[in-house]
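First the structure, in the form of structure tokens, and then the observations on it.
The values are calculated or read from the model by the stated rules, or taken from the named source; none is laboratory data. Given the structure is predicted, the values throughout are model-derived calculations rather than measurements. Methodologically, a virtual Cβ is constructed for each residue, glycine included, from the backbone with ideal geometry; neighbour enumeration extends over all protein chains shown. All accessible areas refer to the heavy atoms of the entire protein, side chains included, with ligands and DNA or RNA removed. Shrake-Rupley method; radii C 1.70, N 1.55, O 1.52, S 1.80 Å.
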Amino acid sequence: MKYELVSGLETHVELSTATKIFCSCTTAFGGAPNTHCCPVCTGMPGALPILNQKVVEYAIRAGLATHCTINEITHMDRKNYCYPDLPKAYQISQFDEPVCEHGYVELDSGKKIGITRIHIEEDAGKLVHERGFTFVDYNRGGVPLIEIVSEPDISSPEEAKEYLEKLQLIMRYIGVSDCKMQEGSMRADVNISLRPVGSKTLGTRTEIKNMSSPSFIVKAMQYEYERQAELLDRGEEIEQATLRYNESENTTSKMRGKEDAQDYRYFPEPDILTVHIPKEKIEEVKASLPELPTDKFRRYVRELGLSESTAKLIYPYRNVARYYETVLSKGVSPRTSANLIVGTVYATLKTEEEKEAFSIAVPEAELALLVSYVDSGKLQASKAGSILLQMLESGKPVSAYVREEDLKGLSDEELKKLCEGAIAANPKAVEDFKAGKQKAIGSLFGFLMKQSRGKADVKKAEVILRELLK
Amino acid sequence: MALTETEIKRLAWLAKLKFTEEELAVLTEDMAEIIEFADTINASVGTLPAGNDFARVCEFDDLRKDEVQESNLSEEVTSNIEAEDGFFPVRRRSL
């Protein structure tokens, strides 16, 4: 039988605040064990939590950027579970009045993945299992998280990956998290069930815990789809269970079944007051949001006339986009500028991190000047590329490479002379071209560019050459 | 407001606790003091504007600012354990 995949994601995003959610300890990554701690985040009796304003503000930002409604009244709840990474034996989270509800993330296809809710909560400590002991470090305990719960709108592993990447991009754009999956600042739990194609009822679901890479999510979902489909084909039932994904074997295995499902006994947190978020505050946060990634992408394509593929190389990197837009503010051509960034600057940036940081030796105004020479036809685009490469290397301004006389261009007379010279100096190429080898004209161009030190207009030269070779 | 011995007995029953007559006498006195203490809180609350919901709701602006402060109790937090490289050790036992 053919089955349809039904999936929803619970995504944890670590917020990049300076202090923890309920105390003024630093959230800095690393540090010697238990040195970023105080009585509050180690769960000492009598210690009282005080909610961090920035955590609420970042949750509002995240909510507005994903088209959520922001609840003006929101409160914390206790989620009880007993494990050494949680010293109080409960996690302070949110249950029935989260900060945000009812949003969505739009995929490239236009399909909207619903966001059920976004709530704030504290992270747990880190456990190291060794020599029959568990060693606990509470430095991460109390670091603020938002949990973004999606609707079961995802119907393929690829959609899950795209949803997650979109989410990651949005959170980075609005500056609430660096979303580094490899460092654990973004993790996802994946819910999966299958149903016969066309059916409207949901099948029994399983949940794969703590996934930390989009590509592994795709693999895990594919594996889980196959596993469930096989069971259903044999007429067997799916057991509702929490699973762990084993990366090395590409399999899932059971952590716990339905019978030992946790009962968290949620109840309102009595140590923290209910929070009132005034409408004006929500409006203020909304006004402070930057242009969101999808909007930027569309503007680049529709208004600036970039190709989708070029736009996709620029908009995901906040610093590149900022640089690019500053260049454009000098009134130069969007396409030439984009091509020089994507074609030339990117050639010097090897890693994603380097693109992300985008600290280059050429100031925006210098690139704009270079582009303006291309725009006005004074400089060939290819010549501009090679000049830009040298500028990136040396950090020198455009004026160090382009002299006034270079910019005058060639008169038609001079160009014609050069073309005649090229023909005279390359009898072999001329012969080949006349024999029907169109490509042979290329070596004439090469000669021409060399002779003119890049000043020759290729299009004009081609017309003249073809005329002369008739 | 003081509690009567009958009320104390009722409370003890609700809390599933048993007391001797002597203990009840002591408790009645203690409880009276506790309630009296609570009354001083009530009295000070009474001086604040009436109908204010301040006790239940915190305004966004009044939440804690995101500024790091070193806790003066960081060392004491780990002082009552035999710290192994600064970690809290937990013995694992199979149940």
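Only protein atoms count toward the accessible area here, which uses a 1.4 Å probe; on the stretch A:29-163, the carbon and sulfur part of that area reaches 54 percent. Among A:Tyr223, A:Ala424, A:Phe297, which residue has its Cα furthest toward the positive end of the charge dipole of chain A, with +1 on Lys/Arg Cβ and -1 on Asp/Glu Cβ? Looking along the dipole axis, the top candidate is A:Ala424. Taking the longest Cα principal axis of chain A as reference, the axis of helix A:364-375 is set at about 40 degrees. Dipole magnitude for the protein assembly as shown: about 3760 debye, using +1 per Lys or Arg Cβ and -1 per Asp or Glu Cβ, origin at the Cα centre. How far is it, in nm, from the label point at A:Glu249 to the one at A:Glu308 when both lie 7 Å from their Cα along the line to the Cβ? Going from the A:Glu249 label point to the A:Glu308 one covers 4.1 nm. Surface exposure of the stretch A:294-382, expressed per residue as accessible area with a 1.4 Å probe, stands at 49 Å². Left without a cysteine partner by the 4.7 Å Cβ rule in chain A: A:Cys23, A:Cys25, A:Cys37, A:Cys38, A:Cys41, A:Cys82, A:Cys179, A:Cys419. For the protein assembly as shown, the mean residue ellipticity at 222 nm estimated from helices alone is -11500 deg cm²/dmol, where every DSSP H run of n ≥ 4 contributes -39500 (n - 2.57) and the total is divided by all residues, rounded to the nearest 500.
Each residue of the stretch A:169-184 was assigned a 3J(HN,Hα) from its phi angle through the Karplus curve 6.51 cos²θ - 1.76 cosθ + 1.60 (θ = phi - 60°); the sequence is 5, 4, 5, 5, 4, 8, x, 9, 7, 8, 6, 8, 5, 5, 9, x Hz, with glycine and proline shown as x. When DSSP beta bridges are restricted to pairs lying wholly in the stretch A:3-284, around 95% turn out antiparallel. Inter-chain Cβ neighbour count for A:39-49, averaged per residue, equals 2 (cutoff 10 Å, partner chain atoms only).
Accessible surface for the stretch B:1-46, divided over its residues, is 84 Å² per residue with a 1.4 Å probe. Structure note, pairs A:Lys161/A:Lys254; A:Lys281/A:Lys355; A:Lys2/A:Lys296: Cα-Cα distances above 31 angstrom occur for A:Lys281/A:Lys355; A:Lys2/A:Lys296.
Here B:Lys9 is the anchor, and the lysines within straight C-alpha reach of less than 21 Å, apart from those fewer than 8 places off in the same chain, are B:Lys18. Would you work out the relative contact order for chain A, in percent, from Cα pairs under 8 angstrom that are 6 or more residues apart? Taking the mean separation of contacting Cα pairs over the length of chain A, I get 14 percent.
Counting only other chains, and only Cβ atoms inside 10 Å, what mean value do you get across the residues of A:30-37? Across A:30-37, the average partner-chain Cβ count within 10 Å equals 5. One Cα centroid belongs to the stretch A:339-383, the other to the stretch A:261-285; the line between them spans 47 Å. Taking the Cα centre of the stretch A:193-349 as reference, the dipole from Cβ charges on Lys and Arg (+1) and Asp and Glu (-1) amounts to some 780 debye.
The distance separating the Cα centre of the stretch A:178-207 from that of the stretch A:23-100 comes to 24 Å. Spacing of the modelled spin labels on A:Leu231 and A:Gln438, each 7 Å from Cα toward Cβ, amounts to 6.0 nm. The GluC sites (Glu not before Pro) of the stretch A:178-251 meeting both criteria, a DSSP state outside H, G, I, E and B (loop) and at most 16 other C-beta atoms within 10 angstrom of the site's C-beta, are A:Glu236, A:Glu237, A:Glu239, A:Glu247, A:Glu249.
Of the residues making up the stretch A:265-282, those losing 30 Å² or more of accessible area when the isolated chain is joined by the remaining protein chains, with a 1.4 Å probe, are A:Leu273, A:Thr274, A:Val275, A:His276, A:Lys281. Neighbouring Cβ atoms from other chains, within 10 Å of the Cβ of residues in A:14-26, number 3 on average. Stokes-Einstein diffusion for chain A, with the hydrodynamic radius set to the Kirkwood value over Cα pairs and evaluated at 37 °C in a medium of 0.692 mPa s, equals 123 µm²/s.
Each DSSP beta bridge with both residues in the protein assembly as shown is either parallel or antiparallel, and the antiparallel ones are about 90%.
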